[in-house]
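Below you'll find the structure, written out as structure tokens, and then a few comments.
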Amino acid sequence: MKVEFTLAELRQIIGTLEEAGTTQARITGIASLREAGSGDLSFLGNKKYTPDVPHTQASYVLLPKAYVGQPKPNQVYLRVDNPSYALAQVCAEIEKQLRPVKPPHIHASAVIAESAQLGDNVYIGPHCVVEAGAVIGSGVQMEAGVHVGPQAQIGADCQLRAHVSIQAHCVVGERVLLHAGVVVGADGFGYETIDGHHEKVPQVGNVVIEKDVEIGANTTIDRARFKSTVIGEGTKIDNLVQIGHNVVIGKHCLIVSQAGISGSTVIEDYVVIAGQAGITGHLKLGKGTVVGAQCGLHYNTEPGSYHRGTPGNPALLANKIDVLKRRLPDLFKRVAQLEAKVGVE
């Protein structure tokens with residue numbers, strides 16, 4: 001898609017900024033510092049790329065206010081509080097053009113139960129299904145193939161991308177974005193072994209997703225065995241995450257791709273769980289806990305603590321263990337030498 005902004009339009013989007021330099025070029029693209037050329041907007045969002053700034057060919061560069069340096073001829077430096085966020089504001093404007101809000105419409109192929117309730121200004125795309133007693137709030141956008149189960153509730157201004165599935169009695173708050181293939185409310189994984197057979201434990205609860213949550217493609221959130229699996233306000237979940245039954249996640253958490261959270265774990269506000277981390281069941285993660293990539297966490301955590309490694313350990317202990325592991329080859333060599341001296345076979 002073609003991108004085109006003037007400097008005046010950029011000021012309106014970003015707000016307060018400090019300008020240095022001049023150029024007549026319009027903004028016609030976005031690129032990294034190294035790849036940018038004439039007409040591109042670039043940014044310094046990570047300090048390690050600071051050496052690239054003097055060499056970039058970008059026409060416009062978003063920089064931290066503390067950056068020292070002057071632009072080349074035909075180049076403009078735009079100093080802001082947070083260059084990465086400023087670029088995100090620009091990209092949000094582009095996204096509005098890429099994904100414009102669809103006008104109210106119900107596609108002829110959609111199947112909607114007579115007892116379902118639809119709010120104002122909804123868009124329901126091809127082959128969507130809305131079952132009996134479901135409630136769809138005003139301004140909801142449902143792309144092709146979305147399924148909303150019996151008695152489910154979807155809050156106002158939600159966006160449900162293609163092939164999202166909201167199972168029976170689940171509740172989705174306002175302004176929630178569910179990317180393609182998300183499944184909310186599939187059965188939790190619960191069985192009892194009786195006389196050598198795995199007998200299914202019915203999962204009769206639901207999932208409650210609070211407002212302003214975003215959930216990435218093909219993530220699954222299991223319904224509770226009883227009561228609710230809960231995703232707190234403002235939490236952001238990446239693609240391919242598995243959340244088990246009766247998990248309770250607090251507000252404004254970040255959960256990265258391929259993480260798995262076992263049943264009945266409680267995650268307090270502002271917790272960060274990195275990619276491929278595995279959290280065992282019935283734990284409590286204190287507010288602001290950080291769980292590192294591929295960590296296998298099997299114990300409760302204190303607020304504000306950092307944990308890493310498999311099996312998981314507090315970060316300082318995990319660092320010491322890593323140092324000792326690197327010394328193992330030398331240790332075995334020394335033991336072998338000592339055994340040879342004393343004649344141990």
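The values are calculated or read from the model by the stated rules, or taken from the named source; none is laboratory data. On a predicted model such as this, the values are computed, not experimentally measured, just so you know. All Cβ positions, glycine included, derive from the backbone under ideal geometry; neighbour counts span all protein chains shown.
Scan region 31-75 for residues that are within 20 Å of Thr6 (Cβ to Cβ) and of a type in the set (Asp, Glu) and jot them down. Correct list: Asp40 only. For region 120-128, state whether one or more residues are in contact with a Leu (Cβ under 9 Å, 6 or more places away or on another chain) and within 30 Å of Arg225 (Cα to Cα). Yes, because at least one residue in region 120-128 is in contact with a Leu (Cβ under 9 Å, 6 or more places away or on another chain) and within 30 Å of Arg225 (Cα to Cα). Taken over region 171-194, residues that are closer than 19 Å to Gly234 by Cβ and either in contact with a strand residue (DSSP E or B) (Cβ under 7 Å, 6 or more places away or on another chain) or without any contact (Cβ under 8 Å) to a residue 12 or more places away in the chain (or both) amount to 9. For region 196-203, the criterion of a residue being touching a residue at least 24 places away in the same chain (Cβ under 8 Å), assigned by TED's automatic domain parsing to the domain that holds Val171 and either within 18 Å of Gly275 (Cα to Cα) or of a type in the set (D, E, K, R) (or both) is satisfied by no position. Considering (1) without any contact (Cβ under 8 Å) to a residue 60 or more places away in the chain; (2) out of contact with any strand residue (DSSP E or B) (no Cβ under 7 Å at 6 or more places or on another chain), the lone condition that Asn239 does not fulfil carries the number (1).
Checking each residue in region 90-137 for being surrounded by 15 or more Cβ atoms within 10 Å (Cβ to Cβ) and hydroxyl-bearing (Ser, Thr, Tyr) picks out only Tyr123. In region 9-53, which residue that is assigned to a helix (DSSP H, G or I) and of a type in the set (Asp, Glu) is farthest from Pro83 (Cα to Cα)? Looking at residues that are assigned to a helix (DSSP H, G or I) and of a type in the set (Asp, Glu), I get Glu9. Kindly indicate whether Ala108 is more than 26 Å from Asn246 (Cα to Cα) and either touching a residue at least 12 places away in the same chain (Cβ under 8 Å) or aliphatic (A, V, I, L, M) (or both). Considered against the rule, which asks whether it is more than 26 Å from Asn246 (Cα to Cα) and either touching a residue at least 12 places away in the same chain (Cβ under 8 Å) or aliphatic (A, V, I, L, M) (or both), Ala108 comes out as yes.
Taking the conditions exactly as written (assigned to a helix (DSSP H, G or I) and either in the same structural domain as Ser228 (by TED's automatic domain parsing) or within 24 Å of Val241 (Cβ to Cβ) (or both)), does Ala340 satisfy them or not? It is false that Ala340 is assigned to a helix (DSSP H, G or I) and either in the same structural domain as Ser228 (by TED's automatic domain parsing) or within 24 Å of Val241 (Cβ to Cβ) (or both). Filtered by the rule that a residue be of a type outside the set (A, V, I, L, M) and in contact with a helix residue (DSSP H, G or I) (Cβ under 6 Å, 6 or more places away or on another chain), region 78-137 gives Gln89, Glu93.
On inspection, Ile237 qualifies as modelled with pLDDT of 95 or more, touching a Cys at 6+ places or on another chain (Cβ under 9 Å) and crowded, with 18+ Cβ neighbours inside 10 Å. Arg225 meets each of the listed conditions (1) farther than 22 Å from Gly292 by Cβ; (2) in contact with a Lys or Arg (Cβ under 6 Å, 6 or more places away or on another chain) apart from (2).
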